[in-house]
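Take a look at the structure set out below.
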Amino acid sequence: MTDIEISVLDKTYRPEHAADRQHKAIADLQLRVARDQFVCLLGPSGCGKTTLLNMIAGLDSQYQGQIRIGRLASRPKIGYVFQSPRLLPWYDVRRNIELVFPAKPPTELIDALLDAMQLGDVQHEFPERLSLGMQRRVAIIRAFAIDPDLLLMDEPFVSLDAPSARQVRNLLYTLWQQRPHTVLFVSHDLREAIALADRLIFLSPSPMRIVADIVVDIPRPLRNDEVQIETFRGTLYSRHPQIADLL
């Protein structure tokens, strides 16, 4: 069953720095995503990827079209990992995670997620005492903790050095394997996207359209093999030369 159906006919807005003109961000974007599929969205800066995630999350309703998530009668649960961790500095790690629960937080679930992200030893530390990589892991836990119908991730590893990004990426992948969710993941890093995704969606500059929709057919156990990733990347560029200008 299709978990997400996105049909955005038009998304136009007035930029804050140029309120006298209109900017068409998205035009006739059609995308379907299957349940528990991990999909990476790739495209140039400013093409509208964050705008699209905000529309899917219900934070922006000013567009023409329709976005349907599952066959749910009520509003779906959406986990959102933003580009910045957005942790409250006056709460410790555990309390920052518990904030997403209106009632009693599920202690065992939070313990399991902390262990999976290797943060059990720092659960009572405050954000300022954590590295940026650790803060991003807390943000990922907070999004997973609500058992979302859809998980949105907007460049969650941006500004991390390569080793830290690799560590958090591997932990995310392990957590996703243990607790599969439908994921829409924005990235500028093609290697990162190949390592994580079932599908790669390449997007044009605004007005944003889908340029290519590629299935990643590397077996999951080989996704950390740099040779496999580079081979797939090279084949991708040779078969779809138009994507080179999008990254």
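Where only DSSP H runs of four or more residues are counted, the chain gives -9500 deg cm²/dmol as its mean residue ellipticity at 222 nm, each run worth -39500 (n - 2.57). Size of the chain: Rg and Dmax of its alpha carbons, in Å, are 18.3, 53. Every Cα-Cα pair of region 169-247 was included, and the share exceeding 22 Å stands at 24 percent. Placing dummy labels 7 Å off each Cα toward the beta-carbon, the span from GLU230 to VAL158 is 2.9 nm.
Here's how it looks for LEU203: its modeled amide H is under 5 Å from those of LEU42, GLY43, VAL211, which are all 5 or more places away or on a different chain.
Excluding same-chain neighbours fewer than eight residues apart, the lysines reachable from LYS24 by a Cα-Cα span under 25 Å are LYS11, LYS49. In region 33-88, the ratio of gyration radius to Kirkwood radius, Rg to Rh, stands at 0.96 when only Cα atoms are counted. Sorting 96-108, 51-63, 183-195 by their mean Cβ neighbour count within 10 Å, with the most densely packed peptide first, gives 183-195, 51-63, 96-108. Considered as an equivalent ellipsoid built on the Cα gyration tensor, region 102-216 has semi-axes of 27, 17, 13 Å, the largest given first. Seen from a random direction on average, the alpha-carbon convex hull of region 110-175 projects onto 4.5 square nanometres.
Quick note: the coordinates plus some simple rules give every number you see, no bench work behind them. Keep in mind that this is a model prediction, so the values were computed, not measured. In this analysis, Cβ positions are derived from the backbone assuming ideal geometry, glycine residues included, and neighbour counts consider all displayed protein chains.
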